[in-house]
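K.L.:
The structure follows.
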Amino acid sequence: MEDFTHIPVLYEECMDALNIKPDGIYVDCTAGGGGHSSGILSHLSSEGMLVSFDKDDEALATCKAKALNHPDKKWILVKSDFSRLPEVLEELNIEKVDGILADLGVSSHQIDTAQRGFSYAVDGPLDMRMDGTSKLSAYEVVNTYDQKELEDIFRLYGEERYSGRIAAGIVRDRKDTPFTSTLQLASKVGSYMPGKARYEDQHPARRVFQAIRIEVNHELDSVRRLLQEGPNYLNDGGRMAVISFHSLEDRIVKEEFRTHESPCTCPKDFPMCVCGKVSKGKVLTRKPITATKEELKNNSRSHSAKLRVFERIDRK
């Protein structure tokens, strides 16, 4: 197995945001290469516990190897989508935790491994599955979805302004030759776009690849459920910290945290609340935390990272 390389983004900021108690129970929703998980473990005593989720078998194998460096710590590794947080905690007989961390980005290892099919810069099969056992892959999306479905995905998940032209081009060209590789798709996407669009700062296929990846892995549905449910499982004073990498994710994080802080749905002109919805805490980040100049210099992946933090406050 290749080394699951991954430089944890906003590492110190995440450790500070979680305000880790040595004997606390914490959840890392996206174990990846174990960077953030190892950091949390280093703050825990033998009385503490960390539960780390990941869908990727290679990520979990890497974390199992790293667990040997923490023989005195309780580290539970779970192969699961983090949207199943409530079910997994129930299976582990854990009612509440002291902190939840989620780094929503695709790991450097997944992008750099050509066979995983995430990258538009290196050739590989059209895959993009974070869980290699899942049935839906990028191949099925590109070659079987109808034109309207593709257009909607590119527009909603990629915010691609040429979604209609790209979807039409894919449906037309796949009749002759199915799309099977990342570079084949990436080059065709560029050819469907107006000339000026091919010379933007980013690769012309970037938004389309993002959209397909989100569709294959049901990413936004998982993020939304995690954000809706996560604060319900925090102890009083517990914190939830989430790193997002594009506007769609960040919008969900911002809106869900705001709803947990101010859930009242009564009209503003009502003299008092009658909906009965009670605040679960407060948002600690009115503006997202971003990378320092030093981190930006050392880790290009941190450029678009935004960290938002919510703290649970139970009413006395």
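K.L.:
Out of Arg213, Arg239, Arg224, report the one residue that is part of a strand (DSSP E or B) and either under 30 Å from Arg165 (Cβ atoms) or in contact with a Phe, Trp or Tyr (Cβ under 8 Å, 6 or more places away or on another chain) (or both).
P.N.:
On the way: Arg213 fails: part of a strand (DSSP E or B); Arg224 fails: part of a strand (DSSP E or B).
Exactly one of Arg213, Arg239, Arg224 is part of a strand (DSSP E or B) and either under 30 Å from Arg165 (Cβ atoms) or in contact with a Phe, Trp or Tyr (Cβ under 8 Å, 6 or more places away or on another chain) (or both), namely Arg239.
K.L.:
A follow-up question, please. Any residue in segment 298-305 that is in contact (Cβ under 8 Å) with a residue 24 or more places away in the chain and of a type in the set (Ser, Thr, Tyr)?
P.N.:
yes
K.L.:
Run down Thr292, Thr265 and say which single residue is of a type in the set (S, T, N, Q), over 20 Å from the mean Cα position of the chain (by Cα), more than 22 Å from Ile7 (Cβ to Cβ) and surrounded by fewer than 17 Cβ atoms within 10 Å (Cβ to Cβ).
P.N.:
On the way: Thr292 fails: more than 22 Å from Ile7 (Cβ to Cβ).
It is Thr265.
K.L.:
Here's a follow-up. What's the total number of residues in segment 66-88 that are open to solvent by less than 60 Å² (accessible area, probe 1.4 Å) and part of a helix (DSSP H, G or I)? Quick ask: steps written out before the conclusion?
P.N.:
Filtering segment 66-88 for residues open to solvent by less than 60 Å² (accessible area, probe 1.4 Å) gives 67, 70, 73, 75-78, 80-83, 85-86, 88.
Retained after the next criterion (residues that are part of a helix (DSSP H, G or I)): 67, 82-83, 85-86, 88.
Result for segment 66-88: 6.
K.L.:
Within segment 40-57, can one find any residue that is within 22 Å of Leu227 (Cβ to Cβ), open to solvent by 30 Å² or more (accessible area, probe 1.4 Å) and modelled with pLDDT under 95? Walk me through it before giving the result.
P.N.:
Initial filter on segment 40-57 (within 22 Å of Leu227 (Cβ to Cβ)): 40, 50-56.
Cutting the leftovers down to open to solvent by 30 Å² or more (accessible area, probe 1.4 Å) gives us 55.
From what's left, modelled with pLDDT under 95: 55.
For segment 40-57, residues within 22 Å of Leu227 (Cβ to Cβ), open to solvent by 30 Å² or more (accessible area, probe 1.4 Å) and modelled with pLDDT under 95: present.
K.L.:
Sticking with this structure for a sec: Looking only at helices (runs of 4 or more DSSP H) that fall completely inside segment 89-178, which ones have 2 or more residues that are surrounded by fewer than 20 Cβ atoms within 10 Å (Cβ to Cβ) and at pLDDT below 95? Reasoning before the result, please.
P.N.:
Details: elements: 108-112, 138-144, 147-158, 163-174.
Filter on segment 89-178 gives 108-112.
K.L.:
Pairs, please: C-beta under 6 Å, at least 6 apart or cross-chain, first residue open to solvent by 30 Å² or more (accessible area, probe 1.4 Å) and in segment 204-228, second assigned to a helix (DSSP H, G or I) and basic (Lys, Arg)?
P.N.:
none
K.L.:
Considering only residues that are surrounded by fewer than 16 Cβ atoms within 10 Å (Cβ to Cβ) and closer than 26 Å to Gly230 by Cα, which ones fall in segment 272-282? Spell out the reasoning first.
P.N.:
Going residue by residue through segment 272-282, those that are surrounded by fewer than 16 Cβ atoms within 10 Å (Cβ to Cβ) are 272-279, 282.
Cys273, Val274, Cys275, Gly276, Lys277, Val278, Ser279, Lys282 - these are the residues of segment 272-282 that are surrounded by fewer than 16 Cβ atoms within 10 Å (Cβ to Cβ) and closer than 26 Å to Gly230 by Cα.
K.L.:
Considering Gly35, Gly24, which residue is open to solvent by less than 60 Å² (accessible area, probe 1.4 Å) and more than 23 Å from Ser222 (Cβ to Cβ)?
P.N.:
Result: Gly24 is the single residue among Gly35, Gly24 that is open to solvent by less than 60 Å² (accessible area, probe 1.4 Å) and more than 23 Å from Ser222 (Cβ to Cβ).
The values are calculated or read from the model by the stated rules, or taken from the named source; none is laboratory data. The structure presented is a predicted model; accordingly, all values stated were derived computationally and were not measured. Neighbour counts are summed over all protein chains in view; Cβ atoms, including those assigned to glycine, are modelled from backbone coordinates with ideal geometry. Ligands, DNA and RNA are stripped out before the accessible areas are found, and what is left, the full protein with its side chains, is counted by its heavy atoms. Shrake-Rupley method; radii C 1.70, N 1.55, O 1.52, S 1.80 Å.
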